Each structure stands twice: as C-alpha cells, then as structure tokens.
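Enquirer: Would you mind keeping the following structure in view while I ask a few things?
The values are calculated or read from the model by the stated rules, or taken from the named source; none is laboratory data. Note that the coordinates shown come from a computational prediction; the quantities given were computed from them, not determined experimentally. Backbone-built Cβ (ideal geometry, glycine too); neighbour counts: all protein chains shown. The protein model used for the area step is the full one, side chains on, heavy atoms only, and it has no ligands, DNA or RNA in it. Shrake-Rupley method; radii C 1.70, N 1.55, O 1.52, S 1.80 Å.
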Amino acid sequence: MQDALGGVQTVLVLGGASEIALATLRKLIAQRTRTVVLAARAPDALVSVVDELRQLGATRVETVRFDATDTASHEAFVDDVVDRVGDIDLALLAWGVLGDQAEAERHSAAATEIATVNYLGAVSVGVPLAARLREQGHGLIVALSSVAGERARGSNFIYGSSKAGFDAFFQGLGDSLVGTGVRVMIVRPGFVHTKMTEGLEPAPLATTPEAVADAIVRGIERGSEVIWVPSVMRFVMSGLRHVPRALFRKLPV
Ligand SMILES: NC(=O)c1ccc[n+]([C@@H]2O[C@H](COP(=O)([O-])OP(=O)(O)OC[C@H]3O[C@@H](n4cnc5c(N)ncnc54)[C@H](OP(=O)(O)O)[C@@H]3O)[C@@H](O)[C@H]2O)c1
C-alpha cells in the first residue's frame with residue numbers, strides 16, 4: 001500500500017537478482033519502501049540480497065519463483081504475489097537476457113530463447129499484472145527497455161528486436177491504462193556496467209546501475225512516462241533513428 005504521502009511502500013521486482021533492480025531498491029528503501037518481493041528464477045540464491053535489504057530498512061522481504069519463459073505460470077504467479085502482500089505500489093520489470101548474437105544467428109533455439117525471455121514473457125506476465133493493478137486502482141509499472149529497441153543494429157538485432165517488442169507493448173499498455181490510476185514508466189538505458197554486459201567493450205556513454213537507479217527514482221517522483229539513461233540518449237537515439245540505413249550500417253554502434 002502507498003503511505004499517507006503517496007510514497008512507494010510495496011515493490012515487486014521481476015528479475016530479483018538484476019543489478020539495476022538492486023541499485024534501485026537500495027534507493028527506494030532509503031525513502032519509504034518497506035515491503036519487497038523479489039521474483040527470480042532461483043529465489044533461494046537471494047539470501048544475501050534479502051539480508052542486505054532488511055539491514056537497509058525493509059521490514060518484509062519475500063522471494064518467489066519467477067521464470068519469464070514459464071508463461072503458463074504467470075497468471076497464478078501474479079495472484080500468489082498479491083495474496084501474499086496485498087496491493088503493489090510499484091512493479092519493477094528488470095529481468096532480461098542479452099544472449100549470444102552469433103549463436104542466435106545460427107540456431108533458432110538460441111534466438112527464440114532471447115525473444116521468449118525478453119518479449120513473450122513480458123506480454124505473458126504484463127497482462128495479469130496490469131489486470132491486478134487496474135483492480136486495485138493504483139500502481140506503477142516500471143519497465144526496463146533499452147536503447148537497443150529504438151533502432152535494431154545488425155550486430156545486436158535479435159536482442160534489439162525483442163526490446164522493441166517489449167517497449168511497444170508497455171507503451172500501448174500505458175495508453176490503455178490512462179484513467180485507471182495505474183501508470184507505466186518505460187526506462188531506456190544505453191550500455192550499463194552489470195553482469196549482463198560483463199566482458200563486453202563498453203559502448204559510448206556507458207553508465208552504471210546506480211545512475212540508472214537515480215534516474216528511475218527521479219522519474220517516479222516526476223511522473224515521467226519514458227526516461228533515457230543517460231538522458232542525452234534521448235537526443236542521440238532521436239538522431240540515429242533518422243540516419244539513412246546505408247549510413248547507419250557503417251556506424252560503429
Ligand atoms: N546492462 C545493460 O547494459 C542494459 C542496458 C539496457 C537495458 N538493460 C535491461 O535492464 C534489465 C536489467 O538488466 P541488468 O543490466 O540489471 O542485468 P542483470 O544483472 O544480468 O539482470 C538480469 C536478470 O534477468 C534475470 N533473468 C534472465 N532470464 C530470466 C528468465 N527466464 N526468467 C526470469 N529472470 C530471468 C537474471 O536472472 P539470473 O540471476 O537467474 O540469471 C538476472 O537476474 C534487463 O531487462 C536488460 O535487458 C540492461
């Protein structure tokens with residue numbers, strides 16, 4: 001439930017071990033968040049995270065199993081979370097895989113795994129989640145998209161296309177929820193130093209999970225609908241979107 005000042009008290013994180021999500025939780029708990037549900041593929045591996053969040057001031061931290069590919073379980077998963085903790089003020093959608101593009105270009109199983117985790121899983125859990133938030137009449141969905149979805153690159157188009165689908169889904173969902181009390185905020189980071197990008201050459205304007213978390217908290221306070229991290233990415237991607245394809249192919253992006 002939100003407190004009397006409208007602060008975020010209860011947070012559900014899908015992708016409970018995401019470094020961006022954990023950086024965001026640290027900041028939210030420093031404000032008013034007291035109840036956290038971490039939903040992850042391996043909830044038992046989150047013991048030290050649970051301890052840390054409790055030490056920071058969360059009074060209730062629960063872990064539940066969530067696998068984005070297990071689409072048949074998603075409606076029951078959402079019901080179970082709401083039965084456990086009641087109203088959800090903020091759902092942070094932070095799971096995802098970058099995948100191995102070279103492998104995915106050769107094997108459809110690798111390509112469909114990326115699409116299933118990042119896009120199909122989002123549609124599958126996004127629908128019952130939005131339905132429950134609509135019923136409670138308030139709540140915010142923060143959806144971690146990516147600049148990669150703004151214009152797919154030849155070197156990363158399988159991940160990029162999955163994020164484009166994810167992004168479009170949450171844009172449309174946000175529009176469909178206008179007037180219900182529920183909102184969607186889409187987050188489009190560039191390259192972030194996390195375990196997802198470990199070992200990769202950092203892209204220009206690379207940033208940190210803490211910077212993304214700061215931007216998310218600021219976006220929540222401002223009631224933003226879309227945020228870019230760093231914010232200059234808005235202008236970079238707006239330019240790149242219109243670069244002629246023949247030239248775009250030659251850019252080192
Ligand atoms: N890092 C970047 O450069 C960057 C840039 C733009 C957008 N993003 C997006 O930001 C979000 C968070 O990424 P991050 O950088 O924080 O990476 P991260 O630390 O690797 O977190 C991603 C999480 O997704 C979880 N996950 C993977 N497959 C899953 C599945 N089938 N079901 C449920 N959970 C699954 C992973 O769980 P396990 O711990 O079980 O592996 C991991 O905890 C992702 O959506 C990512 O696409 C990241």
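Enquirer: Look at the stretch 75-111 and say how many of its residues are among the hydrophobic types (A, V, I, L, M, F, W, C), crowded, with 16+ Cβ neighbours inside 10 Å and outside any loop (DSSP other than H, G, I, E, B).
Expert: Residues flagged as among the hydrophobic types (A, V, I, L, M, F, W, C), crowded, with 16+ Cβ neighbours inside 10 Å and outside any loop (DSSP other than H, G, I, E, B) within the stretch 75-111 amount to 12.
Enquirer: Restricted to the stretch 112-154, and to residues that are open to solvent by 10 Å² or more (accessible area, probe 1.4 Å) and among the β-branched types (V, I, T), which residue is nearest to the ligand (Cβ to nearest atom)?
Expert: The qualifying residue nearest to the ligand (Cβ to nearest atom) is V117.
Enquirer: Another question, then. I'd like the full set of residues that are within 14 Å of the ligand (Cβ to nearest atom) and open to solvent by 10 Å² or more (accessible area, probe 1.4 Å), limited to the stretch 173-188.
Expert: Residue satisfying the conditions is R188 alone.
Enquirer: For residues that are among the aliphatic types (A, V, I, L, M) and either under 22 Å from V217 (Cα atoms) or not in a loop (DSSP other than H, G, I, E, B) (or both), scanning just the stretch 52-74, find the one that is nearest to the ligand (Cβ to nearest atom).
Expert: The selected residue is V64.
Enquirer: Only one residue in F166, F157 is of a type in the set (F, W, Y) and more than 9 Å from the ligand (Cβ to nearest atom). Which one?
Expert: F157
Enquirer: Just to be sure, is P189 closer than 20 Å to R26 by Cα and touching a His at 6+ places or on another chain (Cβ under 9 Å)?
Expert: When the stated conditions are applied, P189 does not pass them.
Enquirer: With the requirement that a residue be within 10 Å of the ligand (Cβ to nearest atom) and either assigned to a strand (DSSP E or B) or without any contact (Cβ under 8 Å) to a residue 40 or more places away in the chain (or both), what does the stretch 1-28 give you?
Expert: Across the stretch 1-28, the qualifying residues are V13, L14, A17.
Enquirer: What's the total number of residues in the stretch 39-74 that are open to solvent by less than 10 Å² (accessible area, probe 1.4 Å) and charged (D, E, K, R)?
Expert: Final tally of qualifying residues: 0.
Enquirer: Can you pull out every residue in the stretch 199-212 that is open to solvent by 40 Å² or more (accessible area, probe 1.4 Å) and under 20 Å from V8 (Cα atoms)?
Expert: Within the stretch 199-212, E210 is the sole residue that qualifies.
Enquirer: Would you mind finding the one in E198, E210 that is modelled with pLDDT of 95 or more and more than 10 Å from the ligand (Cβ to nearest atom)?
Expert: Result of the check over E198, E210: E210.
Enquirer: Please specify each residue of the stretch 213-242 satisfying the condition of being open to solvent by 30 Å² or more (accessible area, probe 1.4 Å) and either among the small types (G, A, S) or within 8 Å of the ligand (Cβ to nearest atom) (or both).
Expert: G223, S231, S238, G239
Enquirer: Within the stretch 29-51, which residues are assigned to a helix (DSSP H, G or I) and away from the ligand (no atom under 15 Å from the Cβ)?
Expert: Matches in the stretch 29-51: I29, A30, D51.
Enquirer: Could you grab the pairs with beta carbons closer than 9 Å, sequence gap of 6+ or different chains, first residue in the stretch 130-141 and among the polar types (S, T, N, Q), second one open to solvent by less than 40 Å² (accessible area, probe 1.4 Å) and part of a loop (DSSP other than H, G, I, E, B)?
Expert: The qualifying pairs are Q136/G86; Q136/I88.
Enquirer: Further question: Between a first residue in the stretch 59-72 that is closer than 19 Å to G121 by Cβ and a second residue that is open to solvent by less than 40 Å² (accessible area, probe 1.4 Å) and away from the ligand (no atom under 12 Å from the Cβ), which pairs have beta carbons less than 7 Å apart while being 6 or more apart in sequence or on different chains?
Expert: Note: pairs meeting the criteria are T63/V50; V64/V37; V64/V81.
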